[in-house]
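Q: One structure follows; several queries about it will come next.
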Amino acid sequence: MNESPTTPRTRARTPNNRTTTSFRVSDALWAVLEPLIPEHVNTHRFGGGRPRVPDRACADAIFYVLRTGCQWEALNQTDLCAKSTAHDRFQQWVEAGVFLKLWQLGVAQFDELQGIDWNWLSMDGAMTKAPLGGEKDGTEPHRPRQAGGQAQPADGGARRAHRIERRRRQSA
């Protein structure tokens, strides 16, 4: 039985998981991140427009997506920030180099605290040859006894007819 879209819900909506929707950027991380964010210039011709979502709310949403690996669309089910706002701000910050600068500051801070042995670092994580790398001999046939470049008929009819014709010539 199909229910109409105006039928009221009979079951209460499940509350959002507080461990996922309440994720926030820590004060320590925000203190490092905030100076890296470019200052917003209002481009509205009369200086008005819709109120801007605070950068910290967008940072919460962006780091939530980066931390969980969820899709941007999932932000609409949280109380963090709208997906379009968070994604737009993410693209602006990537273009401005905010995350690169944040990473560089993190590496510098780790080097001060723990020390990094720069002699053992590599630009690429691949330190050995790929196990299946190398030159290929050619394309592999898809089926046993199939000649290269020869298509297999779906029903086998054309090949069967060819074999019957060959047998007739041999016996004649």
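Just so it is clear, none of the values below were taken in a lab; they were calculated from the coordinates. Quick caveat, the model's predicted, so the values are computed rather than measured. A quick note on method: Cβ atoms are made from the backbone with ideal geometry, for glycine too, and the neighbour counts reach across all protein chains shown.
Q: Can you pull out the trypsin sites (Lys or Arg not before Pro) in region 31-71 that DSSP calls coil and that have at most 10 other Cβ atoms within 10 Å?
A: R45
Q: When you count, for each residue, the other Cβ atoms within 10 Å and take the mean per peptide, how do 38-44, 104-110 rank with the highest first?
A: 104-110, 38-44
Q: Report the far tail of the P(r) of region 40-81, meaning the percent of Cα-Cα pairs longer than 16 Å.
A: Within region 40-81, distances greater than 16 Å cover 46 percent of Cα pairs.
Q: Compute the signed sum of charges (Lys and Arg +1, Asp and Glu -1) over the other residues within less than 11 Å, Cβ to Cβ, of A82.
A: With Lys, Arg at +1 and Asp, Glu at -1, the neighbours total -1.
Q: Can I ask one more? Highest mean first, how do 112-118, 75-81 rank when packing is the count of other Cβ atoms within 10 Å averaged over residues? Before the final figure, lay out the partial values.
A: Numbers: 112-118: 8.4, 75-81: 18.0.
Put in order of decreasing packing, that is 75-81, 112-118.
Q: Measuring from label point to label point, each 7 Å out along Cα→Cβ, what is the Q104 to Q77 span in nm?
A: 3.8 nm
Q: Subtract the Cα-Cα distance of T68 and S84 from 0.36 nm times their separation in residues, and report this length gain in nm to one decimal.
A: Taking T68 through S84 to full extension adds about 4.0 nm, to one decimal.
Q: I need the phi-derived Karplus couplings for region 77-86: 6.51 cos²θ - 1.76 cosθ + 1.60, θ = phi - 60°, integer Hz, Gly and Pro marked x.
A: Karplus-based 3J(HN,Hα) across region 77-86 equals 8, 10, 9, 7, 5, 5, 4, 5, 5, 5 Hz.
Q: For D117 paired with V32, estimate the spin-label separation in nm (one decimal), with each label point 7 Å from Cα along the Cα-to-Cβ line.
A: Distance between label points: 2.3 nm.
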